[in-house]
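**Q** I have a structure here, written as structure tokens, and I will follow up with some questions on it.
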Amino acid sequence: MMLIAAGWITILLLVGGLTLDRTLTGLVTRNLDDQLGYMLTAMVASAEVDSAGEVFFNRPLGDQRFLEPNSGLYWQISGPGHDDFPSRSLWDRSLKVRAGHFDNEPHIYDSNQFAGEPLRMMERSIILPGSDTKWWFVVAASRKELDAQIRRNRLILVWSFIVLGAGLFLMAGIQTWYGLGPLRRVRMAIKRLRTTGANRVTDPLPLEVQPLVEELNGLLAHAERQAEEARMHAGNLAHALKTPLTVVMNAATARAPDLGDTVIREAAVMRRQVDHHLARARAVGRRAVGQSRAIVAESVEAVLRAVTRLYDRTRFDLDGDRTAAVAVERQDLDEILGNLIENAAKYGGGSVFVTIDAVPEDPATCEIWVEDDGTGIPEAERTRIFDRGARLDTGKPGTGLGLAIVRDVAEIYGGTVELGESEDLGGLIVRLRLPRAAV
């Protein structure tokens, strides 16, 4: 920021200084040109031709410098076939006129015809009354005073702009340092988080950085939740594996005759528990990566194609908004819907009805209904059925983890699962609510 400010200040000062220098130089030069113009007009107004055809002034010019030799202000009238009519200030010198053309208007230019004395000259061609001669009226002034004034102006400009530039650089530096002060305070606050073990930034900070602090606190809270979830998963998995391992160790220590069957049975239990917790861990990891998005209809159709092969006598119906999208990873959505639709086919009476976006009026949530025509679940058991390993119908194969996985993964994404009684089919209805994906 300081380098950019310094660069722009330098460029603007240079452009402004050059522009102001040219303006002041032009003003001073035009002032001298105006004075020469007044003198040339006075010469023309005072000039006459005598009986011999020579030019003369009927009244003297008012500036005393025309009478002082080498005073720096000169005039001269020249005509072909006539002697030059010069001012006394020229003394023994004469002005070289650019003859060969006729100037109806005054013509002004710089000349170096006098050694060590640059001149500013104005000339004009005049034909005086009573004469056919083309007379050249010339007035000249030394540029020494003009150039000295220009140098003084430039010196004042240079020093003024140096002081102005230094002041602007200093102000830009102070402004940048002061403006970035809140960020340094945020850095120190973060450093105190690391050294003191605090979990939030609570320091009073300016309004400009409050959104940054709020996002930082949100990130810290998110990381804290993930760490807590990781600790909880590790504790749950350790607790779930402890009992099967104890059973296997006791059977092995006692050299039980059914040791092989025991190991196989308990290993299957441990594998189900590991799969369950891995599913939760994958969902948490994918949720932390960024904003997820999945089309519900595509996931439902993929699950139906797989489940139809297992339950070919079950009739599956799909209805609702096929463009609805949820903020869930596609793999996790497939796992949720796969468990729900498979349970509906397994425990239903032969009909499964899936409705996407059943409550379209809710702008924040997409509600998915999975209904079957089975015997349903008693209201008293609808809470317990979500526990890991809980099963109401033990006559059919299963692990008792399906609904537990559905609930856990849905909650990770901010969703909910609710059981009820289907009004259309008479069996169980599962109302799955998931956050709607941003458009």
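The values are calculated or read from the model by the stated rules, or taken from the named source; none is laboratory data. Predicted model only: the values in this text are computed from it and were never measured. For neighbour counting, all protein chains shown are included, and Cβ atoms are generated from backbone atoms with ideal geometry for every residue, glycine included. Areas reflect the complete protein model, heavy atoms only, side chains present, ligands, DNA and RNA absent. Shrake-Rupley method; radii C 1.70, N 1.55, O 1.52, S 1.80 Å.
**Q** Which of Gly81, Gly197, Gly376 ends up with the largest GNM mean-square fluctuation for the chain, with Cα atoms connected below 10 Å?
**A** Gly81
**Q** Which lysines have a Cα lying under 26 Å from the Cα of Lys96, excluding residues fewer than 8 positions away in the same chain?
**A** Lys134, Lys144
**Q** Quick one: compute the contact order of region 122-173, relative version, from alpha carbon pairs under 8 angstrom and 6+ residues apart, as a percent.
**A** Numbers: 23 pairs, mean separation 11.4, N = 52.
About 22 percent, as a whole number.
**Q** So I have [x] 34; [y] 66; [z] 31, and one of them is percent of Cα pairs over 33 Å apart calculated from this model. Which one is it?
**A** [y]
**Q** In terms of modelled amide H atoms, which long-range or inter-chain residues lie less than 5 Å from the amide H of Thr365?
**A** Arg436
**Q** Taking only protein heavy atoms and a 1.4 Å probe, what accessible area per residue, in Å², does the chain have with all protein chains in place? It would help to have the intermediate numbers written out before the result.
**A** Details: 25590 Å² over 439 residues.
Heavy-atom accessible area per residue stands at 58 Å².
**Q** Report in % the part of the accessible area of the chain that belongs to carbon and sulfur, leaving out ligands and nucleic acids; probe 1.4 Å. Before the final figure, lay out the partial values.
**A** On the way: 14730 of 25590 Å².
It is 58 percent, rounded to a whole number.
**Q** In addition: Considering just Cα atoms, how many Å³ per residue does the convex hull of region 149-265 enclose?
**A** Numbers: hull volume 22.7 nm³, N = 117.
So the per-residue hull volume is 194 Å³.
**Q** Given Gln64, Thr176, Ile77, which one lies farthest toward the positive end of the charge dipole of the chain, if we put +1 on the Cβ of every Lys and Arg and -1 on the Cβ of every Asp and Glu?
**A** Toward the positive end, the furthest listed residue is Thr176.
**Q** Nearest 10 degrees is fine. How inclined is helix 259-289 to the longest principal axis of the chain, computing both from alpha carbons?
**A** That works out to roughly 20 degrees.
**Q** Please report the equivalent ellipsoid semi-axes of region 75-185, computed as sqrt(5 x eigenvalue) of the Cα gyration tensor, largest first, in whole Å.
**A** On the way: eigenvalues 657, 50, 15 Å².
Each semi-axis is the square root of five times an eigenvalue, giving 57, 16, 9 Å.
**Q** Here's a follow-up. Which of the peptides 170-181, 67-78 is most tightly packed, and how do the rest follow, judged by the mean count of other Cβ atoms within 10 Å per residue?
**A** Details: 170-181: 12.4, 67-78: 18.9.
Packing proxy ranking, top to bottom: 67-78, 170-181.
**Q** Residue by residue through region 212-226, what is 3J(HN,Hα) from phi via Karplus (6.51 cos²θ - 1.76 cosθ + 1.60, θ = phi - 60°)? Round to whole Hz and write x for glycine and proline.
**A** 5, 5, 4, 5, 5, 5, x, 5, 5, 5, 5, 5, 5, 5, 5
**Q** Take the chain, connect every pair of alpha-carbon atoms lying under 10 Å apart with a spring to form a Gaussian network, then pick out the residue of Phe169, Phe386, Phe137 with the largest mean-square fluctuation.
**A** Of Phe169, Phe386, Phe137, the Gaussian network model singles out Phe137 as fluctuating most.
**Q** OK, next. Treat every Asp and Glu Cβ in the chain as -1 and every Lys and Arg Cβ as +1, leave all other atoms uncharged, and give the resulting dipole magnitude about the Cα centre to the nearest 20 debye.
**A** It works out to roughly 1980 debye.
**Q** So what J values fall out for region 244-251 if you push phi through Karplus, 6.51 cos²θ - 1.76 cosθ + 1.60 with θ = phi - 60°, rounded to Hz, Gly and Pro as x?
**A** Rounded to whole hertz, the list is x, 5, 4, 4, 5, 5, 5, 5.
**Q** May I pose another question? Check cross-link reach from Lys242 to the aspartates and glutamates: straight Cα distance under 17 Å, and skip same-chain residues fewer than eight apart.
**A** Glu266, Asp275
**Q** For region 1-152, what is the relative contact order in percent, using Cα pairs closer than 8 Å and at least 6 residues apart in sequence?
**A** So the answer I get is 23 percent.
**Q** Could you identify which residue out of Val247, Val274, Val213 has the top mean-square fluctuation in a GNM of the chain using Cα springs shorter than 10 Å?
**A** Most flexible of the set in this elastic network: Val247.
**Q** Moving on to the next point. Given the DSSP H assignment, sum -39500 (n - 2.57) over each helix run of at least 4 residues in the chain and divide by its residue total; what's the result at 222 nm in deg cm²/dmol, nearest 500? If you can, show how the numbers build up before the last one.
**A** Details: 8 runs with 216 residues, N = 439.
That calculation yields -17500 deg cm²/dmol at 222 nm.
**Q** Just to be sure I understand the curve: with the Debye formula and one point per C-alpha of region 49-124, what is log10 I(q)/I(0) at q = 0.13, 0.21, 0.23 Å⁻¹?
**A** For the requested q values the scattering log ratios are -0.44, -1.15, -1.33.
**Q** HN-Hα J couplings of region 72-82 from phi, Karplus 6.51/-1.76/1.60, θ = phi - 60°, integer Hz, Gly and Pro as x?
**A** Once rounded to whole Hz, the list reads x, 10, 9, 9, 7, 10, 10, x, x, x, 10.
**Q** What whole-number distance in Å separates the alpha-carbon centres of region 321-378 and region 110-154?
**A** 101 Å
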